[in-house]
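**Q** Can you keep this structure in mind? I'll have questions shortly.
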Amino acid sequence: MKVGIIGGGVGGLGAAYYLAERGHQVALYERAPFLGGLASTFDVGGGRLERFYHHLFLSDTTIIGLLNELGLGDRLIWEDSKTAFYYKGKIYPFSTPMDLLRFKPVSLIDRVRLGLVTVYLQRVKNWRKFENTTAASFMRKWAGKRNYEVIWEPLLKGKFTTYHDQIAMPWLWTKFATRVSSRDKTFKEKLGYIRGSWGVLIDTLEERIKQRGGEIHTSTSVNRILTEGGRVTGLEVQSQEGQPAQRPFDLVIATIPSFALPRLLELPQEYAAKLHGVDYEGAIAVIWVLRQSLSPIYWLNIADPDIPFLLVLEQTNLVPSSEYGGKHIVYTANYVTRYDPRWSKSPEEIVQEYIPHMKKINPDFDESWIETYYVHKEPAAQPIVTVNYSEKMPSTRTPVKGLWLAAMSQVYPEDRGTNYSLKLAIEVARQAEEEMGRAE
Ligand SMILES: Cc1cc2nc3c(=O)[nH]c(=O)nc-3n(C[C@H](O)[C@H](O)[C@H](O)COP(=O)(O)OP(=O)(O)OC[C@H]3O[C@@H](n4cnc5c(N)ncnc54)[C@H](O)[C@@H]3O)c2cc1C
């Protein structure tokens, strides 16, 4: 079977690897000059770093299984999670149940209430009962107004901007479920990383696909999906310098954002409406390469509307700084709408705006600590999951025979993650292969 794959992120590479291993003729097209999509890397201090921060949970079993299958299992490192919460100028540890009980910005009664809600959510298995409830209304009701205002409202606003009060509770529920399932035998939450970066996984997948005779074309966009009589027949592809060319395929798997699929072909109205119906938030990450460590925390949530970022993540508190030539790597990140003024700002303007706020995290912070910085922007970073999402989610099987979609917006109730993109893409590849086999 000749298979065309659109997108060279973790999902596209996973599907291509699965099908190439089963003897199919695979060709993958990625419009960027590099592979990896949202999990792609670039060189920093002699090491490789993700454009957007990445870690794993112990529950990410698909990606862990694949790393083992590829002989990369010994690359996984697991560390105790060091999470904290910034509120009104103070940093509060936020990793363990004891940290919650010591969280002074809310009263003792509210802390106990928060603890009870946390325990309840970690035990719930049937997330469907939350389908028509928003995270905001659930937390306001069960965790209480004060907990909502101090903790959940700033986080939801930071992550989902104008959508913050429309986000479905299953999205928040997965956060609790994931954290509890990422505890080891000592009940400590662990976070994982692939030594050498996600780039090691991406390079190995590329190598294996090519070894099986698969083709990988970077800097090559798919302009159109070709169809005839309701069935996919091929792709129109275009490399950066070249002319558009048509390539025949029996099966096409698109791993691009769901809203982008209707740009590539005419689709029946009902399915196209579903694709357009799911919005995505963008993300802007500043990567600070520092001469000194900013804080001992890995993941610092910022609950302060005056600070222009939601998250401060010190990579070198998860991965040794020796991986980056002794430099300390810090991400400051935001989720933003397409109207955010930062889309048009230069990296220098963004960094200058952020510098005074870095001093709030560590008053000793000084501009002289900055060796260099990078700014990465991504318009399709986080699908917006609103109430009753399972009815809104586009199906992976499209109305066009032989055309499948495996996008981040379809991993519900899980939240986006390389584990789930991989799992979805492999499952779609498996189903598509099975269906084609039956049709032959
Ligand atoms: C800020 C941020 C933090 C994250 N943190 C984590 C984390 O800690 N852990 C974790 O596991 N995951 C994390 N993720 C999520 C993870 O990166 C994604 O779930 C995963 O990488 C998505 O892979 P994908 O292949 O589905 O999509 P993408 O990576 O989006 O790949 C799609 C690819 O398709 C290409 N493309 C689009 N249109 C075309 C076209 N017409 N022709 C050719 N190519 C095209 C794009 O260039 C892109 O490379 C994070 C994501 C972000 C944005």
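The values are calculated or read from the model by the stated rules, or taken from the named source; none is laboratory data. Because the structure is predicted, anything quoted here is derived from the model rather than measured. All Cβ positions, glycine included, derive from the backbone under ideal geometry; neighbour counts span all protein chains shown. Areas reflect the complete protein model, heavy atoms only, side chains present, ligands, DNA and RNA absent. Shrake-Rupley method; radii C 1.70, N 1.55, O 1.52, S 1.80 Å.
**Q** Being in contact with a strand residue (DSSP E or B) (Cβ under 6 Å, 6 or more places away or on another chain) and not in a strand (DSSP E or B): is that true of TYR92 here? Please lay out each step first, then the result.
**A** Details: in contact with a strand residue (DSSP E or B) (Cβ under 6 Å, 6 or more places away or on another chain): yes; not in a strand (DSSP E or B): no.
No.
**Q** Return only the number of the condition from (1) hydrophobic (A, V, I, L, M, F, W, C); (2) surrounded by fewer than 20 Cβ atoms within 10 Å (Cβ to Cβ); (3) in a helix (DSSP H, G or I) that ILE151 does not satisfy.
**A** Here ILE151 meets the rest and fails (2).
**Q** Which numbered condition in (1) in contact with a helix residue (DSSP H, G or I) (Cβ under 7 Å, 6 or more places away or on another chain); (2) open to solvent by less than 30 Å² (accessible area, probe 1.4 Å); (3) farther than 27 Å from ALA407 by Cβ is the only one that ASP99 fails?
**A** Checking ASP99 against (1) in contact with a helix residue (DSSP H, G or I) (Cβ under 7 Å, 6 or more places away or on another chain); (2) open to solvent by less than 30 Å² (accessible area, probe 1.4 Å); (3) farther than 27 Å from ALA407 by Cβ, the one that fails is (1).
**Q** Has region 13-28 got at least one residue that is near the ligand (Cβ under 7 Å from one of its atoms), in the same structural domain as GLN431 (by TED's automatic domain parsing) and on the phi < 0 side of the Ramachandran plot?
**A** From region 13-28, those near the ligand (Cβ under 7 Å from one of its atoms) are none; that's our starting set.
Looking through region 13-28, none of the residues is near the ligand (Cβ under 7 Å from one of its atoms), in the same structural domain as GLN431 (by TED's automatic domain parsing) and on the phi < 0 side of the Ramachandran plot.
**Q** Here's another thing I want to ask about it. Do the conditions hold for ARG113, that is, is it touching a Gly at 6+ places or on another chain (Cβ under 7 Å), charged (D, E, K, R), closer than 22 Å to ALA177 by Cβ and open to solvent by 50 Å² or more (accessible area, probe 1.4 Å)?
**A** On the way: touching a Gly at 6+ places or on another chain (Cβ under 7 Å): yes; charged (D, E, K, R): yes; closer than 22 Å to ALA177 by Cβ: yes; open to solvent by 50 Å² or more (accessible area, probe 1.4 Å): yes.
Yes.
**Q** Another question, then. Collect the residues in region 51-63 that are outside any loop (DSSP other than H, G, I, E, B) and more than 8 Å from the ligand (Cβ to nearest atom), keeping them in residue-number order. Give the derivation first.
**A** Our first condition is that a residue be outside any loop (DSSP other than H, G, I, E, B); within region 51-63, this holds for 56, 61-63.
Once the filter is applied, which keeps residues that are outside any loop (DSSP other than H, G, I, E, B) and more than 8 Å from the ligand (Cβ to nearest atom), region 51-63 yields THR61, THR62.
**Q** Within region 30-50, track down each residue that is near the ligand (Cβ under 6 Å from one of its atoms) and either more than 18 Å from the chain's Cα centre (by Cα) or closer than 23 Å to GLN238 by Cα (or both).
**A** Residues satisfying the conditions are GLU30, ARG31, ALA32, GLY37, LEU38.
**Q** Checking ARG231 against (1) of a type in the set (D, E, K, R); (2) open to solvent by 60 Å² or more (accessible area, probe 1.4 Å); (3) more than 28 Å from SER395 (Cβ to Cβ): exactly one of these is not met. Which one?
**A** (3)
**Q** Output the qualifying pairs, or none if there are none: Cβ atoms under 6 angstrom, residues six or more apart or on different chains, first residue in region 86-110 and farther than 20 Å from ASP184 by Cα, second residue open to solvent by 80 Å² or more (accessible area, probe 1.4 Å).
**A** Listed pairs, sorted by first residue: VAL106/ARG146; ASP110/ARG146.
**Q** Please enumerate the residues belonging to region 407-424 that are open to solvent by less than 30 Å² (accessible area, probe 1.4 Å), touching a helix residue (DSSP H, G or I) at 6+ places or on another chain (Cβ under 8 Å) and within 7 Å of the ligand (Cβ to nearest atom).
**A** Passing the criteria: ALA407, THR418, ASN419, SER421.
**Q** Let me ask something additional. Does region 346-357 hold any residues that are buried (at least 16 other Cβ atoms within 10 Å of the Cβ) and either in contact with a helix residue (DSSP H, G or I) (Cβ under 8 Å, 6 or more places away or on another chain) or within 24 Å of PHE85 (Cβ to Cβ) (or both), and which are they?
**A** If the condition is that a residue be buried (at least 16 other Cβ atoms within 10 Å of the Cβ) and either in contact with a helix residue (DSSP H, G or I) (Cβ under 8 Å, 6 or more places away or on another chain) or within 24 Å of PHE85 (Cβ to Cβ) (or both), then ILE350, TYR354, HIS357 are the ones that fit.
**Q** Here's something else I'd like to know. Looking only at region 337-368, count how many residues are touching a Ser or Thr at 6+ places or on another chain (Cβ under 9 Å) and either assigned by TED's automatic domain parsing to the domain that holds THR162 or within 22 Å of TRP299 (Cα to Cα) (or both).
**A** 5
**Q** Tell me the residue from VAL289, VAL200, VAL180 that is part of a strand (DSSP E or B) and open to solvent by less than 60 Å² (accessible area, probe 1.4 Å), please.
**A** Details: VAL200 fails: part of a strand (DSSP E or B); VAL180 fails: part of a strand (DSSP E or B).
VAL289 is the lone residue from the list that is part of a strand (DSSP E or B) and open to solvent by less than 60 Å² (accessible area, probe 1.4 Å).
**Q** Now for a separate question. Any residue at all in region 358-368 that's among the β-branched types (Val, Ile, Thr), outside any loop (DSSP other than H, G, I, E, B) and surrounded by 13 or more Cβ atoms within 10 Å (Cβ to Cβ)? Can you show your working first?
**A** Initial filter on region 358-368 (among the β-branched types (Val, Ile, Thr)): 361.
Add one more test, that the residue is outside any loop (DSSP other than H, G, I, E, B), and what stays is 361.
With surrounded by 13 or more Cβ atoms within 10 Å (Cβ to Cβ) added as a condition, the list becomes 361.
Within region 358-368, one or more residues are among the β-branched types (Val, Ile, Thr), outside any loop (DSSP other than H, G, I, E, B) and surrounded by 13 or more Cβ atoms within 10 Å (Cβ to Cβ).
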